[in-house]
Amino acid sequence: SGICIVSPHSLRVVWMTEAAHAGRSRVLSFWLSIALTMAVSVIGGLATAHSVDSWYAGLNKPSFNPPNWVFAPVWTMLYFLMAIAAWRIYLGPESRSRRAALALYGVQLALNLGWSLIFFGLRSPFPALLALALLLMAIVGTAVLFWRLDRPAGLLLVPYALWSAFAFALNLEIWRLNPLR
């Protein structure tokens, strides 16, 4: 079975219809990638909001701890970059490597949310540190897999990896400075 093309005019109509469908699919997948990633951000933010002005404010923090207002814009930008990177991978040709990269992206999103829930929700710096170590490994693994499939997508995860490494150092120091918390 196939498409019987009668004239060049019908070929053009079929091509335009397929292009319009592909364009809608690209736009829809872009917004779905943004929505999924931002959903993780919102859920993590809800867990964080309940502890920032109370529990977190009372912790001893290292000298390199940024002011609280820095975190929201930095994380918003990082989540946006993550979503664009995943979307670029999603648009690539179907392959085992692409599926593995997107699966690991999902794992790191879950670990990212888990860290927020553990650190701020459960108010547990040491278990959060362990979760953050796993998250860092997942981020680096995701960045490597993305890089192999689409270099710009891999590069888009570099700021996220760097900020998460900073977050690891910050979490480690908060745990060290607050041993009984």
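The values are calculated or read from the model by the stated rules, or taken from the named source; none is laboratory data. Computed from a predicted structure; not experimentally measured. Note: ideal-geometry Cβ built from the backbone for every residue, glycine included; neighbour counts use all protein chains shown. Note: areas computed on protein heavy atoms with side chains; ligands, DNA, RNA excluded. Shrake-Rupley method; radii C 1.70, N 1.55, O 1.52, S 1.80 Å.
Of all residues in the stretch 57-72, those that are touching a residue at least 40 places away in the same chain (Cβ under 8 Å) have Cβ atoms under 6 Å from Cβ atoms of residues that are among the acidic types (Asp, Glu), 6 or more apart or on another chain, in Pro62/Glu173. On the basis of being open to solvent by 100 Å² or more (accessible area, probe 1.4 Å), in contact with a helix residue (DSSP H, G or I) (Cβ under 7 Å, 6 or more places away or on another chain), farther than 27 Å from Leu162 by Cα and modelled with pLDDT under 90, does Arg26 make the cut? The answer is yes for Arg26. Cβ-Cβ contacts under 6 Å between residues 6 or more apart (or on different chains), taken from a first residue in the stretch 33-48 that is farther than 9 Å from Tyr79 by Cβ to a second residue that is among the aromatic types (Phe, Trp, Tyr), are listed as Ser33/Trp87; Ala47/Phe120; Thr48/Phe120.
The test for being open to solvent by less than 40 Å² (accessible area, probe 1.4 Å) and part of a helix (DSSP H, G or I) holds for Ala86. Restricting Phe146, Phe80, Phe126 to residues that are more than 23 Å from Asp53 (Cα to Cα), open to solvent by 60 Å² or more (accessible area, probe 1.4 Å) and in a helix (DSSP H, G or I) narrows the list to Phe80. Of all the listed residues (Ser63, Ser7, Ser54), the sole one being modelled with pLDDT of 95 or more and either of a type in the set (Gly, Ala, Ser) or under 20 Å from Ala110 (Cβ atoms) (or both) is Ser63.
Test of understanding: among Leu104, Leu113, Leu46, which residue is at negative phi, part of a helix (DSSP H, G or I) and at pLDDT below 95?
After ruling out the rest, the residue left standing is Leu46.
Selection within the stretch 157-168: residues that are open to solvent by less than 40 Å² (accessible area, probe 1.4 Å) and assigned to a helix (DSSP H, G or I). The member of this set that is nearest to Leu111 (Cα to Cα) is Ser164.
Criterion applied to Glu173, Glu94 was being of a type in the set (Asp, Glu) and in a helix (DSSP H, G or I), and the one residue passing it is Glu173.
Identify all residues within the stretch 50-77 that are open to solvent by 70 Å² or more (accessible area, probe 1.4 Å) and under 22 Å from Glu173 (Cα atoms); write none if there are none.
His50, Asp53, Asn60, Ser63, Phe64, Asn68, Trp69
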